[in-house]
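The values are calculated or read from the model by the stated rules, or taken from the named source; none is laboratory data. Since the structure is predicted, the reported quantities are computational estimates derived from the model, not experimental observations. For neighbour counting, all protein chains shown are included, and Cβ atoms are generated from backbone atoms with ideal geometry for every residue, glycine included.
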Amino acid sequence: MENIFFQVGLGLLFLKISIKINGIVKPENNEKTLLKGLARSDKKAVETIYKDNFNMIQSLILNNNGSSDDAKDIFQEAMIVLYEKVRSGTFELNCQIKTYLYSVCRRLWLKRLQQLSRYSNEVADIQTSVPVEDDVEDHEKRNVEFEMMDKAIDSLGEPCRSLLEAYYLQKKTMQEIAAGFGYTNADNAKTQKYKCLVRLKKIFFSQYKNGKQ
Amino acid sequence: MEDIQILDAVERYIKGEMNPDERLHFENLRKTSPEIDQLVVEHTLFLQQMNRFGEWKKFRSSLHDTHTRLAEQGKIDSARLKGKAKVIYLWKRYKRVAAIAAIIAGVTTLAISTLVNIFTPQADNARVQELSRDIPNIKHQQNMQVDEVNNLKNEVNNIKSKINLQPIPYKAGGTGFLIDGKGFLVTNAHIVLTSRHIAVTNNKGEQFHAVLVKAYPDKDIAILKIDDDRFKTLSTIPYGISKEESDVAEPIFTLGYPRNDIVYSEGYLSAKTGFNGDTLSCQLGIAANRGNSGGPVFNHEGEVIGILSTKETEAEGVAFAIQSKYIFTAINELRKDTAYKNLRLPLKSNVRGLDTKQQVKKIQDYVFFVKGD
């Protein structure tokens, strides 16, 4: 009984939110704008998608033996899937963001449940879903690669890790890095960076090959 | 150093940081040197990977920030659930675990109780069962006790009636002797013929109730049977019953109860016939009294040759005995009755060759005082 009230409550919440959104812009345009923003990792767009969909996913996970931490994990994973998808440029919106995210989360959670324990291989649906198996699989492959990279960078140790992260990830200039790390000049920092890069590439490509096998 | 310079060149080339001259030079180098070309391709791939990795990481952390921010602003449901929602959540999360735990607990309980049942010493079980069976047992025992009480009452009544009968004066008295260990006695018919109650007493003074099995008044022979629970079947009769006629002048002796104690008398066979030439009996020269009637007459070999029955009133020391062969006649007649067809007379004397004193010692237990009212 409480369960029904709980779900009805959630449903009303969604209704309210969607009414608000509808009040501002047309839903289709709105969604396209949001996805464009997401591709640029626009803070506002990310935030909007996040707050519009998270509660639904959380109730899905909670209804299926998950915790709120699981919900956060799964939802963020789905957001990354969506992010990768819009960035690839091949993504065409043939369903609502909500439906897509729900489907991905459902798929991800099902997989998680199967990994955690063998007794649950069903997820009680609270909404219709679209097939997202391929997307989830691609995402998982990428995740494996990124985790490999993460590990490789971690295994370099300091200062290599910070040096490489500063240059390649945070896109700092060599002058900034030299100043920040205390090198006498940018050239020395650059030399050091290349030494680290050679090591990283060695580790990464050996892992990459092993991983591909 | 060389490698690093090449790597720097490759990277600058990929990033488009080279000036047009430098770029042209490098492109030529690429075309001529496959190693450099390979390095460019490889590094391009790597840099792409790094870029995507960087963006992935950035997006990841931005998502995390977004989550925290939205949660703080209350725009998404807080991670902390409160009240009913929390209860429902906990229930949903753990109901499966709880169910499994309950099942395991149930199975364990059953298993333990089964094991306990199996391994509990069986004796306890048996005791319990015995207890349950005891109730009918006790009932049964009670019934039996009631029966016994009734029996006792009846017996008491019987005894009372017996006590009432006890004063009945046994007017007739005589002697009888066993012809069978089971309690068959031979005596004179005239002692018991008119008696309603017959009692026999052994030389120890033990009295038993007896019944008349059959009387042959013509031969003055009666067969009695001791009908008393206290009577114990005796072993082999020590004397035999003689089928032969005895010779005149043969020494004989008798045992009888002319009074309450057993009395021994001895004499001789005077004649082969009885009073007035009666062929049924024989004449004895023996001191006999009234109670000697029915007593056995033994020869020196310990064989019964007759039943002491009468005495001549006019002459002392003259008595008559029924010849022993008529005991056979009587028993043979009795055996026609199926109830007595197994009755056998003792033929052989076990006391042959012993002196008279020893013979009497052995025989006296088999001679009874017969009383009738």
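For this structure, a couple of remarks:
- For segment A:37-52, a residue qualifies if it is under 20 Å from A:ARG87 (Cα atoms), crowded, with 20+ Cβ neighbours inside 10 Å and touching a residue at least 40 places away in the same chain (Cβ under 8 Å), and the qualifying residues are A:LEU38, A:ILE49.
- Number of the condition not met by A:ALA189 [criteria: (1) within 12 Å of another protein chain (Cβ to nearest Cβ); (2) closer than 16 Å to B:LEU7 by Cα]: (1)
- Members of segment A:62-91 found to be at the interface with chain B (Cβ under 10 Å from one of its Cβ atoms) and not in a helix (DSSP H, G or I), listed by number: A:ASN64, A:ASN65, A:GLY66, A:SER67
Let's see how each residue does on (1) buried (at least 24 other Cβ atoms within 10 Å of the Cβ); (2) in contact with a Gly (Cβ under 6 Å, 6 or more places away or on another chain); (3) under 23 Å from B:HIS197 (Cβ atoms):
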residue	(1), (2), (3)
B:GLY295	yes, yes, yes
B:SER309	yes, no, yes
B:ASP337	no, no, yes
B:SER349	no, yes, no
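- Hits in segment B:295-330 (condition: outside any strand (DSSP E or B) and closer than 12 Å to B:LYS219 by Cα): B:SER324, B:LYS325, B:TYR326, B:ILE327, B:PHE328, B:THR329, B:ALA330
- Check on A:ASN94, modelled with pLDDT under 85 and within 11 Å of chain B (Cβ to nearest Cβ): no
- Contacts under 6 angstrom Cβ, first residue in segment B:277-291 being free of Cβ contacts under 8 Å to residues at least 60 places away in the same chain and over 15 Å from B:TYR264 (Cα atoms), partner β-branched (Val, Ile, Thr) and not in a loop (DSSP other than H, G, I, E, B), 6 or more apart: B:SER281/B:ILE322
- Among (1) among the small types (Gly, Ala, Ser); (2) more than 13 Å from every other protein chain (Cβ to nearest Cβ); (3) surrounded by 15 or more Cβ atoms within 10 Å (Cβ to Cβ) - the single one A:ALA166 does not satisfy: (2)
- Condition check for B:ILE88: modelled with pLDDT under 85 and either under 22 Å from A:LEU113 (Cα atoms) or touching an Asp or Glu at 6+ places or on another chain (Cβ under 7 Å) (or both): yes
- Index of the failed condition, B:ASN276 passing every other in (1) in contact with an Asp or Glu (Cβ under 8 Å, 6 or more places away or on another chain); (2) farther than 23 Å from B:LYS171 by Cβ: (1)
- Residue under evaluation A:SER68, criteria (1) within 18 Å of B:GLN73 (Cα to Cα); (2) crowded, with 21+ Cβ neighbours inside 10 Å, criterion not met: (2)
- Within the span defined as segment A:97-110, one or more residues are assigned to a helix (DSSP H, G or I), surrounded by fewer than 20 Cβ atoms within 10 Å (Cβ to Cβ), modelled with pLDDT of 80 or more and among the basic types (Lys, Arg).
- Any hit, segment B:21-37, residues being at positive phi and away from chain A (no Cβ under 11 Å): no
- Residue within segment B:285-293 that is touching a His at 6+ places or on another chain (Cβ under 8 Å), on the phi < 0 side of the Ramachandran plot and surrounded by 16 or more Cβ atoms within 10 Å (Cβ to Cβ) present: yes
- Filter result for the condition that a residue is more than 8 Å from every other protein chain (Cβ to nearest Cβ) and modelled with pLDDT of 80 or more, over B:THR120, B:THR68: B:THR68
For every residue, the table says whether it meets (1) crowded, with 17+ Cβ neighbours inside 10 Å; (2) modelled with pLDDT of 80 or more.
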{"site": "A:ASN121", "(1), (2)": "no, no"}
{"site": "A:VAL132", "(1), (2)": "yes, no"}
{"site": "A:ARG161", "(1), (2)": "no, yes"}
{"site": "A:LYS171", "(1), (2)": "no, no"}
{"site": "A:GLN192", "(1), (2)": "yes, yes"}
{"site": "A:LYS195", "(1), (2)": "no, yes"}
{"site": "A:GLY211", "(1), (2)": "no, no"}
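- Restricting segment B:182-221 to residues that are touching a Lys or Arg at 6+ places or on another chain (Cβ under 7 Å), among the small types (Gly, Ala, Ser) and farther than 11 Å from B:ALA172 by Cα, the residue that is modelled with the lowest pLDDT: B:GLY183
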